[in-house]
1. Among DSSP bridges having both ends in the chain, what percentage is antiparallel? Round to the nearest 5.
2. How large, in percent, is the carbon and sulfur part of the accessible surface of the stretch 1-46 at a probe radius of 1.4 Å?
3. Roughly how many nanometres apart are two label points built 7 Å out from the Cα toward the Cβ at H267 and R208?
4. Note the listed values [x] 16.0; [y] 21.2; [z] 14.9, then indicate which one is mean projected area of the Cα convex hull in nm² calculated from this particular structure.
5. In the stretch 5-19, which residues have a backbone nitrogen under 16 Å from the label point lying 7 Å from S44's Cα in the Cα-to-Cβ direction?
6. Hey, with R₀ at 41 Å, roughly what FRET efficiency would R247 and D151 work out to, going by the Cβ-Cβ distance, to 0.05?
7. Using 0.36 nm times the number of residues separating S297 and E158, minus their current alpha carbon distance, what extension gain do you get?
8. Would you mind computing, in nm to one decimal, how far apart the modelled labels at E259 and D221 are, each placed 7 Å from Cα along Cα→Cβ?
Amino acid sequence: MKLGAHMSIAGGFAEALSRVHAIGGTSVQMFSGSPRGWSKPQASKEQAEEFQKRAKAFGMLSSYFHASYLINLADDGYIGTQSVSTLIAELTAASVLGVKGSIIHLGSFKDAEKVKSSKLKVPSLFESKKESMPAYVKHPKYELLIKNIKDILEKTPENTFFIIENAGTRKIGRTLEEIASIVSNVNSQRLKVCLDTCHLHAAGYDLRSPKKLQEFLEEFDRAVGLSRLEVFHLNDSRDAFGSLADRHQNIGEGAVGKEVFKGILNHPKLKHLSFIIETPGFDDRGPDKKNLDILKSMIK
């Protein structure tokens, strides 16, 4: 199973592989540079050779970048420009290394201003409902968001994925409807999705029984498509269900509940995915072996 953790790249990209291997992981997530800066990563041939050598030696099954926290693809100023160029550099480096792609928080709309119409289509998901077009599709920056994603895909290698991570706060991608609209309008097979259990919990998606998990997956399949699902972030939460607060906790020590993790890890339609922890660690030093071992003990 592709079960791993977010690891530091201190000392080089390949060091993240050594660190996750040391705690028993077979999948890794890492920043390509400072998560709070506009670094434009590059990967040399030598770095790629070392990365791939260690990946093979350690039996690594998947690897991903996690984009900078500064990214906002709905910004029409400096931040938006830097977001696009940073992600182009990151996906280019991913291709060189053999990293599958980048997991990305899309950003946020800075105001509540809306327009009456949009040139962009709304998925059929909404046509069968009595509700009106979602407000975010009417937002003037929505078309900019779609344009920026398309530009990034156009200027980056075909063998990399642009992976949207769902939001647990009032940011873009909190609901399945939002993600469905973005996927529909970008219309690229390179667009994938990462679901975070802490964020789903915060956003009010209940996965706490086999029945509820199955209902959620069916809803996701109708809205987005299970073929788009690439990664699960397995994180517990320090906050209450539906709180719209994103604070991760160690597995079994938070409000998500172990049954959620058991259900996800053992669901036949999810077992092929990559599972990554971003937990604080039982020693508060980041994702650790104890968290991974707890998850491993749940696998049937």
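The values are calculated or read from the model by the stated rules, or taken from the named source; none is laboratory data. Being a predicted model, the structure only gives us computed values, none of them experimental. Neighbour counts are summed over all protein chains in view; Cβ atoms, including those assigned to glycine, are modelled from backbone coordinates with ideal geometry. Protein only, heavy atoms only, side chains kept; ligands, DNA and RNA dropped before computing areas. Shrake-Rupley method; radii C 1.70, N 1.55, O 1.52, S 1.80 Å.
1. Details: 2 of 30 bridges.
Taking every DSSP beta bridge within the chain, about 5 percent pair in antiparallel fashion.
2. Details: 1050 of 1950 Å².
Reported share for carbon and sulfur atoms: 54 percent.
3. 1.7 nm
4. [z]
5. Counting only backbone N, you get 11-15.
6. On the way: r = 33 Å, r/R0 = 0.81.
With a Förster radius of 41 Å, E is 0.80.
7. Working: separation 139, 0.36 × 139 = 50.04 nm, distance 3.70 nm.
Using 0.36 nm per residue and subtracting the Cα-Cα distance, I get 46.3 nm.
8. Taking the two extended label points, one gets 2.2 nm.
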